[in-house]
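Single-structure report; data block below.
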Amino acid sequence: MPAFPSTDVLIELIAPLIEHDGYIRTSLPSVTLMALRRPIPRTPLMYEPSLNIVAQGYKIGYLGNREIHYGPGQYLVQTLPLPFECETQASPESPLLGVSIHLDPALLGELVAAMGEREDEESPVPMASVSMTPGMQGAVVRLLQTLHDPAETAAMGPLRERDVVFEALKGQQGAALRALVNHQGHYSQIVQVLSRLHACYAEEVSVETLARQANMSLSTFHQHFKQITQTSPLQYLKRLRLIKAQQLLVQEAYNVNQIAEAVGYRSVSQFSRDYKRCFGTSPLRHRKEERALQVS
């Protein structure tokens with residue numbers, strides 16, 4: 001996909017900061033750069049709550065029966081850690097370039113309180129693509145400019161992050177961001193359950209316990225959980241465990257048995273079957289393929 005003219009400045013600011021493909025950490029803990037020089041077919045993954053701005057390249061997210069397209073001139077607002085599938089369009093000539101800003105609950109709460117009460121007419125949507133406004137574009141440009149100067153990053157970086165989050169709160173997904181800190185309604189109750197699952201994903205979990213934690217009946221909990229996440233609680237937990245396993249498989253020197261146990265599986269053979277069903281390949285083959293790509 002060709003970049004819109006308005007994103008040229010973002011490309012110029014991101015490209016010199018890229019040293020390799022993947023997610024590149026910056027001196028600001030909440031800010032990560034994204035780069036990829038090859039297409040990635042539709043594959044399962046999970047984003048933490050974040051704002052994901054694409055300067056070049058194109059992504060398509062698949063969540064339940066929804067397709068979420070985001071490319072130059074757009075950004076993805078991810079308010080919940082949802083397992084979904086993603087396809088990336090990129091090439092050596094036109095690599096994917098972008099920046100991701102982790103959503104800090106404390107910063108969100110501070111900004112929401114400062115902005116005052118707002119009536120949100122629409123129900124929150126946990127994952128959606130939003131068109132870049134001039135205000136958001138300017139905030140992202142200032143943040144990226146800051147990353148080019150260590151002294152400016154140290155002095156002004158947190159303020160630049162604040163600018164970007166403030167613009168997102170003013171945007172089309174502001175209601176979903178406010179719902180994360182207002183602690184009202186079913187959306188907030190499901191958010192709290194998801195936080196517990198991410199903290200204790202390797203432990204034995206019953207849906208009845210989750211429903212009690214959300215102060216809902218079992219049927220009401222199932223209904224609202226699926227409405228928000230597009231999957232059932234147990235399917236969500238299984239996908240969460242498998243994605244955590246994938247991260248360990250690529251990054252750590254654990255064997256398959258150790259990884260299965262670390263993410264909550266009691267049966268290694270069941271783990272391997274579920275992993276292949278999810279990712280289309282066995283854990284060992286996946287590790288070899290990823291390491292070969294890293295070497296190349």
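The values are calculated or read from the model by the stated rules, or taken from the named source; none is laboratory data. Please read these numbers as outputs of a predicted model, since none were measured by experiment. Cβ: placed from backbone, ideal geometry, glycine included. Neighbour counts: every protein chain shown. For the accessible areas, the whole protein counts, side chains as well, though only heavy atoms, and no ligand, DNA or RNA atoms are used. Shrake-Rupley method; radii C 1.70, N 1.55, O 1.52, S 1.80 Å.
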(request) Just add up the charged neighbours of residue 215: K/R +1, D/E -1, any other residue whose Cβ is under 15 Å from the Cβ of residue 215. (result) +1
(request) Whole Å is fine, so just give me how far the alpha carbon centre of segment 262-289 lies from that of segment 45-77. (result) 26
(message) List the residue ranges in the chain for DSSP H helices whose C-alpha atoms run 24 angstrom or more along the long axis and whose Kyte-Doolittle average is 1.0 or above.
(response) none
(message) For segment 179-248, compute Rg over Rh where Rg is the Cα radius of gyration and Rh is the Kirkwood radius from the inverse mean 1/r over Cα pairs.
(response) 0.96
(message) Among 280, 116, 185, which one shows the highest mean-square fluctuation when the chain is modelled as a Gaussian network with alpha-carbon springs under 10 Å?
(response) 116
(message) I need the shape label for the chain. Rule: rounded when a/c is under 1.5, else prolate if a/b > b/c, else oblate, with a, b, c from the alpha carbon gyration tensor.
(response) oblate
(request) For a quick protection proxy, order the peptides 203-209, 42-48, 81-87 by their average other-Cβ count within 10 Å, most packed first. (result) 81-87, 42-48, 203-209
(request) Note down the magnitude of the dipole of segment 53-132 about its Cα centre, charges +1 on Lys and Arg C-beta and -1 on Asp and Glu C-beta and zero elsewhere, to the nearest 20 debye. (result) 280
(request) Would you kindly calculate the mean projected area, averaged across all directions, of the convex hull enclosing the Cα atoms of segment 200-296, in square nanometres? (result) 6.9
(message) With a cut-off of 8 Å between alpha carbons and a minimum separation of six or more residues, what is the relative contact order of segment 1-160 in percent?
(response) 27
(request) Name the most mobile residue of 65, 255, 182, meaning the one with the largest mean-square fluctuation, in a Gaussian network model of the chain with Cα contacts below 10 Å. (result) 65
(request) For segment 227-296, calculate the relative contact order in percent as a whole number, restricting contacts to Cα pairs under 8 Å that are 6 or more residues apart. (result) 26
(message) Given an 8 Å cut-off on Cα distances and at least 6 residues of separation, report the relative contact order of the chain as a percent.
(response) 15
(request) Return the long-range amide H neighbours of residue 18 (sequence gap of 5 or more, or a different chain), with a cut-off of under 5 Å between placed amide H atoms. (result) none
(request) Please report, in Å, the Rg and the Dmax of segment 1-137, where both are computed over Cα atoms only. (result) 15.3, 47
(message) From the helices alone, meaning DSSP H stretches of at least four residues, give me the mean residue ellipticity at 222 nm for the chain, per-run term -39500 (n - 2.57), in deg cm²/dmol to the nearest 500.
(response) -15500 deg cm²/dmol
(request) For the chain, give the percent of accessible area contributed by carbon and sulfur heavy atoms, probe 1.4 Å, rounded to a whole number. (result) 50
(request) Determine which lysines satisfy two conditions relative to residue 276: a Cα distance under 22 Å, and not lying fewer than 8 residues away in the same chain. (result) 238, 244, 288
